[in-house]
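Engineer: Before anything else, here's the structure in question.
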Amino acid sequence: MSFLHFLIRSAILGLFGGIWLAAGVYLYLSPNLPDVETLRDVRLQTPMRVYTREGDLIGQFGEQKRSPLTFTEIPTQFVNALLAAEDDSFFSHRGIDLKGLARAVSELLLTGEKGSGGSTLTMQVARNYFLSLERTFMRKFNEILLAIEIERALSKEEIFELYFNRVFLGHRAYGFEAASRVYYGKGIDELTLAQHAMLAGIPKAPSRNNPVSGPERGKERRNWILGRMLELRYISREGYAAATEAPVTATLHGAQIAFSAHYAAEMARQEMLDRYGMAAYNDGFHVFTTISRPLQQVARQSVISGLQTYDSRHGYRGPEQRWPLPQDLQQEADKYWLQKLQTIPVIADQAPAVVTEILEDRVVVLLASGLRDELLWENGIADARPYITENRRARPPETPADLFQQGDLIRLVRTEEDSWHLAQVPAVQAALVSLRPDDGAIISIVGGMGFELSKFNRAIQAQRQPGSNFKPFLYAAALEEGFTAASIINDAPVVMADSSLEDIWRPENDGGVFYGPTRLRWALTKSRNLVSIRLLQQLGVRKFLAAIERYGFDTSDISPDLSLALGTNSMTPLEVATGYAMIANGGYKVEPYLIERIENVAGEVIYQAMPDTVCRDCDTQQQEPTEAEELSMEEILARQETEAETLPAAPRVMEERVNFILNSILGDVITRGTGRRALVLERSDIGGKTGTTNGPMDAWFSGYNQDVVTTTWVGFDNYTPLGRREFGGTAALPIWIDYMREALADSEDRKRPIPPGLVNVRIDPETGALAGSRQRDAIFEYFRQEYVPRENPQGEPGQGGQQGTEDLLKDIF
């Protein structure tokens, strides 16, 4: 037998042996292969995104950054770049590239090392979705078999989509669309040829070839891919030349957050975690909140401005930190300070800077960007009187050296004239929460000076004493029990030995002045503490607790003593605002909510909020059809469909006429009481109440009209005093005014309708009794018709005389 015949026979035997070996491997492995049909329903880990009600992105949560696209949404230029980089015969092979595998085997036999690998995109899909990354022949066989099965089950476009959306590309980016946004801050359809080629080169070595961690290696890989694209005639020679000369422009980009609403986004994240567990981070939920973009921005700026105004009244506290320059680093000063500046965040638009040089009328500063600039004497230095205590400031500085040393870390803000002005991050904190009264939707919420400074959300987590801000609920409970706005309570000293208060209690009015017999309207308007205590004493603590529980407050942790009249119970700003929403909407209980709807990754609505909503025209009882009222099947189905779409009605928890009287009194707080600063809004339909606790430790203002209710709070986290000249009307009310000026811009100034059974009669302002026809100083007051006082009242304050009421109603009606 000739040598030629031997070779032919050996080749035939080798071929049959290879076939039998491949068949054996297939029979051995195929029963254990995963079902490739599951790829049709694969769920990519996609982060949760949180939006305003207008659709602006305010938060993104999830370990893996991913933005899946369909094949038709992927630019053709990028498809060609990826094919040139990974698998140019993808659209012609059946899952495996025999030439590529042969080349890989020959490289292994000749060099003893693994070379190109010969993997097609389909094989990489098999590996990415089903297999481990271990480098063994058994895994390679599985990969090949799976690739063949995938090609049988899916179209080429579907396979390309799976690869495009799954592959890891560094910096927690999974999929090319996500990588495009991470490295270039825009979608893949907005990138240049050079940028497409750069992204296509990342999969080979994601940690080293990405354009941020390895720009040189990435550029080298990019240019090789561009050469392949030219060779495959995907691009012109001119395009190749321009792209290879293009610089590497990539930088890390976060999610494209529209504006700062971190506290609201964090609230949504926590609620989603409670609803869906860890799936909330990976299942691609789109969470649409009730937050209003324009009002949220106004709320944040109002809180910042209010705190900075408060802070400026109490003095400059000096640098945040001091970084004196070590002797051995005198020649590398900028490098030393810049390294430290990189760890200091910008807070509320206040930029950190280091004082590098102090001159007679200015200081030179180094910014985190590496630029040097100047802070002039007249831009805040001259007015920076040093802080001594919350009640005292030192004299103004005479030179910049009185305030600064080299290495001081200070804060600067840009003025409208584009110069720097001295600032400081206030130590005091604040919260603002604004609701839609008719259903409790949270329109805006700010939990502090800045989320970068503290993630503690004071709007929903800070348990603080509301002080006089809570008094309206006491007066409402009293009115429902038969007291009137004209009931007389003595504003006189109270000394009590109350076991629940652990000591002798001597409450006082602000200023220590007592005014004697006082009408309830005037007492609430002027926030008289002693009247409130005596009113609670006459009403009874148990009745008051029952009333506020009906109004929606949690009473489980409230101590049942007379100090409740002064708001000594602790609650959050959101709880207070919810109570005021009930007052604003006419006496209906609503629950605050933040999430309007939730969509899955396919855009399908899987949750829609159905909040209890005020329905002033709804019948209290559903009318059943009479025998004479026969309905057709179509009418029955239409009625059922209408009822299903109707939001549940919020329950009434405050008597309608009492609510009207209370709103009238809280309107007087604005026009004649402690909230007079709000007159600057020039509205006739607003009401509200200040609140200031002992110390003072807490300053509040809650106010509203029929469309918006807002609560603001100011205080220190460590419960130190705000200063003896600080009150709800000076610290919290200005924030409320700044916000409500915008919040009420589109709200009609309208009066509340007078409910039936309410009368407006003339009374004696000193006694609360009906006024005679000739009494010149008589004033008008609202009464429920069954509680109109006698002309010469007898008995307990607030108890109307039936005979006097009947005679009066005869005259009126």
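Engineer: Which of the strands (runs of 3 or more DSSP E) contained wholly in the stretch 376-468 include at least 3 residues that are closer than 15 Å to GLN350 by Cβ?
Structural biologist: The qualifying strands (runs of 3 or more DSSP E) are 408-414, 420-423.
Engineer: May I ask you to list pairs of residues, at least six apart or on different chains, whose Cβ atoms are under 7 Å apart, with the first in the stretch 332-344 being assigned by TED's automatic domain parsing to the domain that holds VAL354 and the second being assigned to a helix (DSSP H, G or I) and of a type in the set (A, V, I, L, M, F, W, C)?
Structural biologist: Listed pairs, sorted by first residue: TYR336/LEU329.
Engineer: Looking at VAL303, VAL248, which one is β-branched (Val, Ile, Thr) and within 16 Å of the chain's Cα centre (by Cα)?
Structural biologist: Only one candidate qualifies: VAL303.
Engineer: Just to check your reading of the model, which residue among ALA258, ALA264, ALA268, ALA280 is touching a residue at least 12 places away in the same chain (Cβ under 8 Å), surrounded by fewer than 20 Cβ atoms within 10 Å (Cβ to Cβ) and in contact with a strand residue (DSSP E or B) (Cβ under 6 Å, 6 or more places away or on another chain)?
Structural biologist: Of the residues listed, the single one that is touching a residue at least 12 places away in the same chain (Cβ under 8 Å), surrounded by fewer than 20 Cβ atoms within 10 Å (Cβ to Cβ) and in contact with a strand residue (DSSP E or B) (Cβ under 6 Å, 6 or more places away or on another chain) is ALA258.
Engineer: Surrounded by 21 or more Cβ atoms within 10 Å (Cβ to Cβ) and under 21 Å from the mean Cα position of the chain (by Cα) - does that describe any residue in the stretch 596-609?
Structural biologist: Of the residues in the stretch 596-609, the ones surrounded by 21 or more Cβ atoms within 10 Å (Cβ to Cβ) are 598.
In the following step, the residues that additionally are under 21 Å from the mean Cα position of the chain (by Cα) were identified as 598.
Within the stretch 596-609, one or more residues are surrounded by 21 or more Cβ atoms within 10 Å (Cβ to Cβ) and under 21 Å from the mean Cα position of the chain (by Cα).
Engineer: Here's something else I'd like to know. Quickly run through the stretch 693-707 and pick out the residues that are buried (at least 24 other Cβ atoms within 10 Å of the Cβ) and farther than 15 Å from GLN429 by Cα.
Structural biologist: SER702, GLY703, TYR704, ASN705
Engineer: To continue, here is another question. Would the stretch 60-69 turn up any residue that is among the aromatic types (Phe, Trp, Tyr), within 45 Å of the chain's Cα centre (by Cα), farther than 27 Å from LYS219 by Cβ and modelled with pLDDT under 90? Walk me through how you get there before you give the answer.
Structural biologist: Taking the stretch 60-69 first, the residues among the aromatic types (Phe, Trp, Tyr) are 61.
When the remaining residues are screened for being within 45 Å of the chain's Cα centre (by Cα), the result is 61.
Checking the rest, the ones that are also farther than 27 Å from LYS219 by Cβ come to 61.
Now restrict to residues that are modelled with pLDDT under 90: 61.
The answer is yes, given that some residue of the stretch 60-69 is among the aromatic types (Phe, Trp, Tyr), within 45 Å of the chain's Cα centre (by Cα), farther than 27 Å from LYS219 by Cβ and modelled with pLDDT under 90.
Engineer: Tell me, yes or no, whether the stretch 725-739 has at least one residue that is surrounded by 19 or more Cβ atoms within 10 Å (Cβ to Cβ), out of contact with any Gly (no Cβ under 7 Å at 6 or more places or on another chain) and among the small types (Gly, Ala, Ser).
Structural biologist: yes
Engineer: Among the residues of the stretch 378-394, are any among the aromatic types (Phe, Trp, Tyr) and over 23 Å from TYR310 (Cβ atoms)?
Structural biologist: No; the residues of the stretch 378-394 include none that is among the aromatic types (Phe, Trp, Tyr) and over 23 Å from TYR310 (Cβ atoms).
Engineer: Considering only the stretch 689-743, state which residues are of a type in the set (Val, Ile, Thr) and part of a loop (DSSP other than H, G, I, E, B).
Structural biologist: Once the filter is applied, which keeps residues that are of a type in the set (Val, Ile, Thr) and part of a loop (DSSP other than H, G, I, E, B), the stretch 689-743 yields THR693, VAL708, THR720.
Engineer: In the stretch 363-373, what count of residues is obtained for those that are part of a strand (DSSP E or B) and either modelled with pLDDT under 95 or under 36 Å from the mean Cα position of the chain (by Cα) (or both)?
Structural biologist: So the answer is 5.
Engineer: Output the helices (runs of 4 or more DSSP H) that fall wholly within the stretch 186-237 and possess 1 or more residues being in the same structural domain as ASP88 (by TED's automatic domain parsing) and either in contact with a Cys (Cβ under 6 Å, 6 or more places away or on another chain) or surrounded by fewer than 20 Cβ atoms within 10 Å (Cβ to Cβ) (or both), or say none.
Structural biologist: It comes to 206-209, 215-231.
Engineer: Which is in contact with a strand residue (DSSP E or B) (Cβ under 8 Å, 6 or more places away or on another chain), outside the structural domain of GLY723 (by TED's automatic domain parsing), at pLDDT 95 or above and closer than 21 Å to LEU375 by Cα, of VAL303, VAL354?
Structural biologist: When all the criteria are applied, what remains is VAL354.
The values are calculated or read from the model by the stated rules, or taken from the named source; none is laboratory data. Remember, it's a predicted structure, so these values are computed and weren't measured experimentally. Neighbour counts are summed over all protein chains in view; Cβ atoms, including those assigned to glycine, are modelled from backbone coordinates with ideal geometry.
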